[in-house]
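Before any comments, here is the structure.
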Amino acid sequence: MRQIIDERSGSYSRQATSAEALASNMRIAAHVTVLHEGDPARRIMEVVEGAVMLTKLLPDGRRQVVELLGPGDVFGLASCDAYACSAETLTAVTIATHDRSALERDPVLAARLLRRFEAQLCAMHSHALVLGRMSALERVAFFLMRLVPEGVVGATLHLSMTRQEIADFLGLTLETVSRAFSELKRRGLVALLRADEVKIHDRGTMRRLAGAA
């Protein structure tokens, strides 16, 4: 086995298994479709650095963003021979790709990816609650607060998603998302510095708005 470097900390984090040592890393620019829904599912992918969104097309042509992924998250797992979702990079990313057969050869790798996927499944349950029970204002507050790092009191968020992509993630229209941002600003909870930059002024109230998730 060889050591691998944690790119987020710059330190050696753990030992790579033999299958991980054979994994290939890809550097991909922002706004590139990495996987297409329905394509043959040959590889499992792991985000090393950057952000990725998973999307599904509805029968009427609308798009739903079903999951947002960051470092350590896994995608490309499929219960059949085809990918269930498309994957698009939101930022420049580094992705480690694993052959699906590697999971059969390397139980350590399989167990690690499964643990990560279980954590992602919990996040998807929260997302389902947001879509089913929260108001538009609460949904936008939830989206913003999930971007705030733990332990940070005041935060300026650099959004890698457009307003339309946020709307597709929250199950809202573009107009409703824009109104919700304006209402949060009117209440003094956030400042809209630029289209892609938001400063959180009142973390406590924002947390309460997003608290149901």
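Which of the following residues is farther than 20 Å from Glu88 by Cβ, acidic (Asp, Glu), within 20 Å of the chain's Cα centre (by Cα) and outside the structural domain of His98 (by TED's automatic domain parsing): Glu197, Glu165, Glu175, Glu183?
Glu197
Pick from segment 35-65 the residues that are among the hydrophobic types (A, V, I, L, M, F, W, C) and part of a loop (DSSP other than H, G, I, E, B): which of them is surrounded by the fewest Cβ atoms within 10 Å (Cβ to Cβ)?
Leu58
Please specify each residue of segment 93-125 satisfying the condition of being assigned to a helix (DSSP H, G or I), of a type outside the set (A, V, I, L, M) and closer than 27 Å to Val32 by Cβ.
Let us first name the residues in segment 93-125 that are assigned to a helix (DSSP H, G or I), namely 100-105, 107-125.
Now restrict to residues that are of a type outside the set (A, V, I, L, M): 100-101, 104-105, 107, 112, 115-118, 120, 122, 125.
Correct list: Arg100, Ser101, Arg112, Arg116, Phe117, Gln120.
Considering only segment 74-89, I want to know if a residue exists there that is β-branched (Val, Ile, Thr) and part of a strand (DSSP E or B).
Among the residues of segment 74-89, at least one is β-branched (Val, Ile, Thr) and part of a strand (DSSP E or B), which makes the answer yes.
Taking segment 33-58 only, how many residues are modelled with pLDDT under 90 and polar (S, T, N, Q)?
Qualifying residue count for the region: 0.
Taking the conditions exactly as written (surrounded by 17 or more Cβ atoms within 10 Å (Cβ to Cβ), under 28 Å from Lys185 (Cβ atoms) and either among the basic types (Lys, Arg) or at pLDDT below 75 (or both)), does Val140 satisfy them or not?
No; evaluated as a whole, the condition is false for this residue.
State all residues of segment 183-209 that are surrounded by 15 or more Cβ atoms within 10 Å (Cβ to Cβ) and in contact (Cβ under 8 Å) with a residue 60 or more places away in the chain; if no residue qualifies, say none.
Met206, Leu209
For (1) closer than 18 Å to Ser24 by Cα; (2) of a type outside the set (Ser, Thr, Tyr); (3) surrounded by fewer than 17 Cβ atoms within 10 Å (Cβ to Cβ); (4) out of contact with any Gly (no Cβ under 6 Å at 6 or more places or on another chain), each residue gets a yes or a no:
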residue	(1), (2), (3), (4)
Arg112	yes, yes, no, yes
Arg115	no, yes, yes, yes
Leu131	no, yes, yes, no
Met145	no, yes, no, yes
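Only one of these is within 20 Å of the chain's Cα centre (by Cα) and outside the structural domain of Thr173 (by TED's automatic domain parsing): Gly76, Gly61, Gly38. Name it.
Gly76
State yes or no: is Phe169 closer than 30 Å to Ser24 by Cβ, aromatic (Phe, Trp, Tyr) and touching a residue at least 60 places away in the same chain (Cβ under 8 Å)?
In short, yes.
Mind checking whether some residue in segment 61-81 is over 26 Å from Val148 (Cα atoms) and either in contact with an Asp or Glu (Cβ under 6 Å, 6 or more places away or on another chain) or modelled with pLDDT of 90 or more (or both)? Quick ask: steps written out before the conclusion?
Keep residues of segment 61-81 that are over 26 Å from Val148 (Cα atoms), which gives 61-62, 76-81.
The next check asks that each one be either in contact with an Asp or Glu (Cβ under 6 Å, 6 or more places away or on another chain) or modelled with pLDDT of 90 or more (or both); those that pass are none.
No, segment 61-81 contains no residue that is over 26 Å from Val148 (Cα atoms) and either in contact with an Asp or Glu (Cβ under 6 Å, 6 or more places away or on another chain) or modelled with pLDDT of 90 or more (or both).
Anything in segment 58-82 that is within 18 Å of Ala102 (Cβ to Cβ) and hydrophobic (A, V, I, L, M, F, W, C)? List them, or say none.
Once the filter is applied, which keeps residues that are within 18 Å of Ala102 (Cβ to Cβ) and hydrophobic (A, V, I, L, M, F, W, C), segment 58-82 yields Val74, Phe75, Leu77, Ala78.
The values are calculated or read from the model by the stated rules, or taken from the named source; none is laboratory data. Computed from a prediction, not measured in an experiment: that's the story for all the values here. A quick note on method: Cβ atoms are made from the backbone with ideal geometry, for glycine too, and the neighbour counts reach across all protein chains shown.
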